[in-house]
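Take a look at the structure set out below.
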Amino acid sequence: MEQRVFGRTGREVSVVGVGTWQLGADWGSVDEGDALAVLEASVEAGVTFFDTADVYGDGRSEQLIGRFLRERPDAGVFVATKMGRREPQEVERYNLDNFRKWNDRSRANLGVDTLDLVQLHCPPTAAYSTDEVFDGLDTLVAEGRIAAYGVSVETVAEALTAIAREHVASVQIILNAFRLKPLERVLPAAAAAGVGIIARVPLASGLLSGRYTRESVFGADDHRNYNRRGEAFDVGETFSGVDYETGIEAAQEFAALVPSGVTPAQAALRWIIQQPGVSTVIPGARNVEQAQANAAAAAVPELDADTLKAVADLYDRRIRPLVHDRW
């Protein structure tokens, strides 16, 4: 698996990581055995980057990763977690006392003294311009609680403000064939500043896998059911903010562009991997087969210029009018 330097941390991480939201909650149930098998299969396939958060299953995702790390201390995994969504989203709550409290909980869940990376978890927009927020994060580094910090953002504007911060190591942003806006300014700015890019929602909540149809049914505990209009959190986190009917039609067009011998999901991941400035992409997996297939995308040959142009054309026709200006 290709390894890339991860932003200002100086460490190397696999170009395909694994997102673990689904191991905690909001994607239907995944039992403990299956969750641990996903992590094991990912590492065996060369993955060295896990992304989690303190609110995924109220800490269940962190706890499962912590158990895996205890059982596989040789795995050499870089773990990125997030904090900030456990309380009402008011910038005043992003203070050092709360940071220490949230940090203590994540360190206990993961079973480590120092977290590799902590990301602010899509905080209020005002937080990005508040010096006290980043002073607090600097204090966590000085105290040895975290090795580095970054931000997970919703918008291009938030990403650019974060990249301008001197000690921000990474930015996590939605990037996929249905969300091209970060290519224009975010990725070039991050590359120039030496800031890592974590590409999340890489399959547009599964749309780009080509597995779903208009008749597909999602469980009551799956955000693809209960958050289609942003009822629970930013709608951009669900199907990249594209309405389901349009997304299904666009996904069918995307699947028709995929080279022979490659799945639509792997082509979607390969598209992200070859975007200049991307450090790692974090697809989720609910079983071993998905984890192995995701990791295999790192070995897929680069998509040619004609395919890249066709993806851009698809975005311009189908998706840009719906999401481009919003995020």
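The values are calculated or read from the model by the stated rules, or taken from the named source; none is laboratory data. Since this is a predicted model, take the numbers as computed values, not measurements. Here the Cβ is made from the backbone with ideal geometry for all residues, glycine too, and neighbour counts use every protein chain on show. Surface accessibility is based on the protein's heavy atoms, side chains included, excluding ligands, DNA and RNA. Shrake-Rupley method; radii C 1.70, N 1.55, O 1.52, S 1.80 Å.
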On alpha-carbon atoms, Rg over Rh for segment 65-203 using Kirkwood Rh? 0.97
Relative contact order of the chain (C-alpha contacts under 8 Å, at least 6 apart) in percent is 22
Using square roots of five times the C-alpha gyration tensor eigenvalues, list the equivalent-ellipsoid semi-axes of segment 48-107 in whole Å, biggest first. 25, 11, 10
In nm², what is the average projected area of the convex hull enclosing the Cα atoms of segment 86-156? 4.6
Take the alpha carbon atoms of segment 237-267, find their center, do the same for segment 1-65, and report the distance between the two centers in whole angstrom. 23
Rounded to the nearest percent, how much of the accessible area of segment 155-251 (1.4 Å probe, protein heavy atoms only) is carbon and sulfur? 50
Using a cut-off of 14 Å between alpha-carbon atoms, which aspartates and glutamates can reach LYS181, once sequence neighbours fewer than 8 places away in the same chain are excluded? GLU154, GLU158, ASP313, ASP316, ASP325
Using per-residue counts of other Cβ atoms within 10 Å, averaged over each peptide, order 181-191, 139-149 from highest down. 181-191, 139-149
So if I average 1/r over every pair of distinct C-alpha atoms in segment 23-62 and take the inverse, what Kirkwood radius in Å does that give? 10.7
Got a sec to turn the phi values of segment 282-295 into Karplus ³J(HN,Hα) couplings, 6.51 cos²θ - 1.76 cosθ + 1.60 with θ = phi - 60°, whole Hz, x for Gly and Pro? 10, x, x, 8, 9, 8, 4, 4, 5, 4, 5, 5, 4, 4
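When only Cα pairs under 8 Å and 6 or more residues apart are kept, what is the percent relative contact order across segment 207-327?
Across segment 207-327, relative contact order equals 26 percent.
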Under 30 Å from the Cα of LYS101, which lysines turn up, not counting those fewer than eight places away in the same chain? LYS82
J(HN,Hα) series, segment 190-202, from Karplus relation 6.51 cos²θ - 1.76 cosθ + 1.60, nearest Hz, glycine and proline x: 5, 4, 5, 8, x, 9, x, 10, 9, 8, 10, 6, x
May I ask you to evaluate 6.51 cos²θ - 1.76 cosθ + 1.60, the Karplus curve with θ = phi - 60°, for each residue of segment 86-97 and list the ³J(HN,Hα) values in order in whole Hz, giving x for glycine and proline? 7, 10, x, 7, 10, 4, 4, 7, 8, 10, 4, 4
Please tell me the relative contact order of segment 40-96 in percent, rounded to the nearest whole number, where contacts are Cα pairs under 8 Å and at least six residues apart. 42
Computed over the Cα atoms of segment 39-82, what is the ratio Rg over Rh, Rh following Kirkwood? 0.96
What number comes out for the charge environment of THR20, summing +1 per Lys or Arg and -1 per Asp or Glu over other residues with Cβ under 9 Å away? -2
Could you pull out every one of the aspartates and glutamates with an alpha carbon less than 20 Å from that of LYS309, ignoring same-chain neighbours closer than 8 positions? GLU184, GLU249, GLU253
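Cα gyration tensor of segment 1-99, axes a ≥ b ≥ c as square roots of the eigenvalues: rounded (a/c below 1.5), prolate (a/b > b/c) or oblate?
oblate
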Report, largest value first, the span of the C-alpha coordinates of segment 138-263 along each principal axis, in whole Å. 52, 35, 26
First check a/c for segment 231-303, with a ≥ b ≥ c the square roots of the eigenvalues of its C-alpha gyration tensor; if it is under 1.5, answer rounded, and if not, answer prolate when a/b is larger than b/c or oblate otherwise. prolate
Take the Cα atoms of segment 196-270, build their convex hull, and give its volume per residue in Å³. 101
For segment 134-198, alpha-carbon Rg and Dmax in angstrom: 12.4, 40
The chain pair-distance distribution - Cα-Cα, 10 Å bins, rounded %: 6, 28, 38, 23, 5, 0
Across 5 Å bins from the origin, how do the percents of Cα pairs in segment 176-327 run, short distances first? 2, 9, 18, 22, 23, 16, 8, 2, 0
Relative pair counts by distance (%), Cα atoms of segment 43-144, 10 Å bins: 15, 47, 29, 9, 0
